[in-house]
């Protein structure tokens, strides 16, 4: 699985209909067979920030990668790496930059990380990602976007990715949907979900969760809503 890009005509709004987008036919990079991300590169997150180790500003795309489809049967690691823009094309950085260090980041013995959202705020790199099974929402920081420290669970055993915006003196992670009520166990499983804004404190702990929209997901028992 490779990552692809798409673009809109100059001046077109980002909420333009799908038919207005032009998909670039070539992948951003070809995922090399046999590497840690050789079977898949997905859930991209773009960020522009300063690498303090080199003194250079750089555009990057962080993504989840895995070596084979066997990872979904707990038979290999899922890790996070990035592409960088060299001025003319996207290049693959190489090794993963985020892999499990704690038990809450693993599924069994393997690293199980995904859905990265990378941002550059206040002179530093921040990343939010899902880790482990059941997935925990984790935050970490870095000075160069490669070595990540201070990994802390923001929300335990959740199952949502998110976007993150800076509002005044705090961050507001915005998940697309968060499971709110468990379903029954009949032929179809249903879950009430809501889109929300999570306000966090200066140390990135969740202060409150404010719903902004509510809806309902219904799925077959064999394919649960996630």
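Structure notes:
- Calculated SAXS-style log₁₀ I(q)/I(0) at q = 0.14, 0.16 Å⁻¹ - the stretch 65-133, Debye, Cα scatterers: -0.49, -0.62
- Size estimate for the stretch 6-159 follows the Kirkwood approach: the inverse of mean 1/r over distinct Cα pairs works out to 16.5 Å.
- For a label point 7 Å along the Cα-to-beta-carbon line of residue 167, residues of the stretch 121-135 with backbone N under 19 Å: 121-122, 128
- Multiplying the residue separation of residue 35 and residue 93 by 0.36 nm and subtracting their alpha-carbon distance yields 19.7 nm.
- Each of residue 101 and residue 85 was given a label point 7 Å from its Cα along the Cα-to-Cβ line. The distance between the two points is 2.9 nm.
- Ascending count of other beta-carbon atoms within 10 Å, so fewest first, for 105, 172: 172, 105
- Distance distribution note for the stretch 105-160: the fraction of Cα pairs above 13 angstrom is 57%.
- Model label sites at residue 143 and residue 56, defined 7 Å from Cα along the beta-carbon direction, differ in position by 1.9 nm.
- Inter-probe distance in nm under a simple model that places probes 7 Å from Cα toward Cβ, at residue 48 and residue 174: 1.9 nm
Where a number appears in this text, it was derived from the coordinates with a stated rule and is not lab data. Here the structure is a predicted model, which is why all the values come from computation and not from measurement. Cβ atoms come from the backbone with ideal geometry, glycine included; neighbour counts cover every protein chain shown.
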